[in-house]
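Enquirer: Quick one: the structure is below, and I'll ask about it shortly.
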Amino acid sequence: MKIATGAAKGLEYLHDKANPPVIYRDLKSSNILLDEEFNPKLSDFGLAKLGPVGEKQHVSSRVMGTYGYCAPEYVRTGQLTVKSDVYSFGVVLLELITGRRAIDTTKPTQEQNLVSWAHPMFKEPKRYPELADPLLEGDFPVRGLNQAVAVAAMCLQEEVQVRPLISDVVTALSFLSVGPIEDGSSTPDPLPHPEEEEDDDKERRDEESSEERQRAVAEAIEWGANTREENKRSHG
């Protein structure tokens, strides 16, 4: 979650703080560099492109990037938006969750494309544990897994309009990256606390932090569902 949040913040800088905005266009695991403490940095901006300005919604570009990470609408039309990067981020997040590669030809045919393999499970929350990296051996907070999968699923929506902005993704992941959560508990703040701090105060802070984290993800999920319904009606 720390790596995912850092990579998302890198995209947020390119999309929201750079002027004009920059579309990375080649977000993939091998372009995320890590230091000794697993702090991520985005690298290799050879395919980066200035994003749309003014009333333009997209820029046209020859289709370039890495198979397995490119957004479907970009592959089909060559129309590039910041939401194309959001899709690629969803693939990277899914790789982190599952421990699988975006494309892995050593897997059975139906499992070689990570997104295609995972898509049916996105609609069945009870199957989310099937997506977890087997190296974890089941040792992970189920609620945290469910929220991370929900964020990845939103990023990987087929329709561009339904995908969240990267700033929304950063908000959701920032809470998840604080630490493992399970049944309303959260990892203690890494900063030392005065010894005289009352246990009930700490529990209250942990509960508030957990509730805020849950709320951020829930709002993001609700936003995606509402936008999807509106989009269906407008195209109906």
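Enquirer: How far, in nm, would the chain grow between residue 159 and residue 110 when pulled straight, counting 0.36 nm per residue and subtracting the alpha carbon separation? Intermediate results must be reported in sequence, preceding the final value.
Expert: Details: separation 49, 0.36 × 49 = 17.64 nm, distance 2.29 nm.
Result for the pair: 15.4 nm of gain on full extension.
Enquirer: HN-Hα J couplings of the range 161-169 from phi, Karplus 6.51/-1.76/1.60, θ = phi - 60°, integer Hz, Gly and Pro as x?
Expert: So the Karplus estimates, Gly and Pro as x, are 4, 7, 5, x, 6, 5, 5, 5, 5 Hz.
Enquirer: By how many nm would the segment from residue 77 to residue 123 grow when fully extended, if each residue of separation counts as 0.36 nm and the alpha-carbon distance is taken off?
Expert: Between residue 77 and residue 123, full extension yields 13.8 nm more.
Enquirer: Tell me which lysines have Cα within less than 19 Å of residue 49's Cα, excluding those fewer than 8 residues away on the same chain?
Expert: The qualifying lysines are 9, 17, 28, 41, 83.
Only the coordinates and a few stated rules stand behind these numbers; no lab work does. The structure displayed is predicted, hence computed values, not measured ones.
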